[in-house]
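Reviewing the structure listed below.
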Amino acid sequence: MIPAGSEADASRACCVDVPSGSPFPLHNLPFGVGRRRDESVGAFVAIGDQALDIAAASRFFVGTVAADGLLDDAQTLNQFAALGRGAHREVRSRVTELLTDDSIADDLQPCLVPVTDLTMLLPVAVGDYVDFYSSLHHATNLGRLFRPDGDPLLPNWRHLPVGYHGRSGTIVADHTTISRPHGLRTCSSATGTDEHLPVDGPSEQLDIELEVGFVVGAPSEATRRVATAVAEEHLFGVCLVNDWSARDIQSYEYQPLGPFLGKSFATSMSPWVVTLDALEPFRVDPPTQDPAVSDHLCTSGPTGFDLHLEVLLQSAAMCDGGIDPVVISAAGFADMYWTPAQQIAHMTSNGAHLRAGDLFASGTVSGPDRGSEGSLIELTARGERPLELPDGTTRSFLEDGDCVTLRGWAGADTATRIGLGSVTGTIAGRPVSHANEEDH
Ligand code: CA
């Protein structure tokens with residue numbers, strides 16, 4: 001389905017100069033929440049390296065009922081998200097009209113602010129948070145590392161989208177500093193009879209997980225299952241998620257009930273919510289599922305999305321020495337085994353309902369090849385083959401002061417690319433020589 005307005009507007013010039021390769025061209029128009037320099041907070045739509053201040057442009061939205069929840073100084077997009085895809089479509093269409101109408105360009109100009117003038121906040125107040133485990137390659141890689149003597153995939157994995165409920169209160173915005181968690185963990189030097197004895201202390205295996213997040217828009221009714229065919233009608237949009245993970249805490253605690261404190265200390269979420277309409281041209285058929293799945297998980301058509309994702313790392317020394325971040329992983333999203341539609345259908349199959357602002361993440365996105373793994377534990381085989389960084393150091397897991405950025409986009413051609421933007425987090429404890437670093 002082509003989003004309303006976009007086809008007709010495809011050839012029209014945007015009054016904002018969008019830099020080549022920008023993740024936010026006219027056909028993207030993602031929604032976000034930012035704090036202005038005067039400390040006020042409001043809703044914005046990104047265009048190039050600018051952002052349209054919806055409140056400042058309110059007169060252009062008069063009569064647009066769908067702008068409810070955006071026109072006042074919105075602290076979150078929850079209210080707007082809840083209006084559903086028709087409303088999101090209407091506002092994007094209106095923004096497209098505004099940005100391509102030469103006759104109002106001068107009037108619109110004061111409503112545009114450089115994104116760099118904004119502190120981007122979480123786009124929604126996240127209610128429930130679910131993290132899935134939907135990459136066959138990641139589940140296989142991790143299964144081999146965590147259960148070297150067993151089958152990498154547990155018997156249920158191909159029958160349902162495995163997931164767990166995470167901690168929404170520790171989902172943090174872009175550029176939030178991440179404190180190294182303490183906890184009961186496996187001791188890396190433990191041997192022999194004491195190998196199951198934990199030690200209490202800071203994690204020595206702090207890791208990242210490269211994930212795609214999905215923000216719920218229109219809620220669903222309690223006790224009603226959401227069918228795969230209509231599941232996407234409940235989506236507000238897509239973002240990037242870094243599921244920070246303490247592998248030593250995780251590996252000690254995860255049996256028999258699954259992830260807990262090794263995951264719940266921080267999860268970073270990117271600031272811009274990209275609508276499915278913007279990603280429509282980049283749909284793909286998901287992989288064939290074998291064995292056949294339960295009726296409530298059956299889908300047809302292109303319910304996958306062809307996204308390219310990357311992880312970049314910059315140590316404190318690299319930052320100090322003016323060395324740019326390096327790409328340590330590049331993975332594709334197109335071959336994820338379970339799709340967002342199936343994840344929604346499964347999350348609601350017991351009658352649990354969706355609320356606007358709920359977030360669910362794909363699970364770590366890993367490909368089949370070296371360098372396409374979405375976590376350090378996979379990239380380094382749990383430290384057996386450390387990464388070499390341009391500053392001459394190596395990494396098995398994250399060191400204090402390391403800065404990690406996830407970025408992602410759809411489309412091979414930079415001219416027509418639709419970007420998800422990026423999300424960055426720095427591990428606390430940069431050496432004092434690195435000024436300007438604030439630990440939260
Ligand atoms: Ca995860």
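The values are calculated or read from the model by the stated rules, or taken from the named source; none is laboratory data. As the structure is a computational prediction, the values presented were derived from the model and not from experiment. Backbone-built Cβ (ideal geometry, glycine too); neighbour counts: all protein chains shown. Note: areas computed on protein heavy atoms with side chains; ligands, DNA, RNA excluded. Shrake-Rupley method; radii C 1.70, N 1.55, O 1.52, S 1.80 Å.
Key figures for this structure:
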{"read-out": "Residue match in the stretch 24-35 (condition: in a loop (DSSP other than H, G, I, E, B), within 17 Å of D117 (Cβ to Cβ) and not aromatic (F, W, Y))", "value": "no"}
{"read-out": "Those residues of the stretch 36-67 which are assigned to a loop (DSSP other than H, G, I, E, B) and in contact (Cβ under 8 Å) with a residue 60 or more places away in the chain, in sequence order", "value": "R36, R37, D49"}
{"read-out": "Qualifying residue in the stretch 198-214 (condition: more than 16 Å from the ligand (Cβ to nearest atom), at pLDDT 95 or above, crowded, with 19+ Cβ neighbours inside 10 Å and not in a loop (DSSP other than H, G, I, E, B))", "value": "no"}
{"read-out": "Where a residue in the stretch 252-278 is closer than 30 Å to A82 by Cα and its partner, wherever it lies, is of a type in the set (S, T, N, Q) and crowded, with 24+ Cβ neighbours inside 10 Å, with Cβ under 6 Å and at least six apart", "value": "K263/S245; S268/N242; A278/N28"}
{"read-out": "Among the candidates L77, L70, L83, L122, residue that is within 22 Å of F236 (Cα to Cα) and open to solvent by 50 Å² or more (accessible area, probe 1.4 Å)", "value": "L83"}
{"read-out": "Among the residues listed as G322, G304, the single one being under 30 Å from V45 (Cβ atoms) and more than 16 Å from the ligand (Cβ to nearest atom)", "value": "G304"}
{"read-out": "Identity of the residue in the stretch 224-253, of a type in the set (D, E, K, R) and closer than 19 Å to H182 by Cβ, that ends up most open to solvent (accessible area, probe 1.4 Å)", "value": "E253"}
{"read-out": "Filter result (within 16 Å of the ligand (Cβ to nearest atom), assigned to a strand (DSSP E or B) and not aliphatic (A, V, I, L, M)) within the stretch 215-255", "value": "C239, N242, S245"}
{"read-out": "Subset of the stretch 128-175 that is assigned to a helix (DSSP H, G or I) and among the aliphatic types (A, V, I, L, M) - its residue that is surrounded by the most Cβ atoms within 10 Å (Cβ to Cβ)", "value": "L142"}
{"read-out": "Counted residues, the stretch 284-299 - those being part of a loop (DSSP other than H, G, I, E, B), out of contact with any strand residue (DSSP E or B) (no Cβ under 7 Å at 6 or more places or on another chain) and touching a residue at least 12 places away in the same chain (Cβ under 8 Å)", "value": "8"}
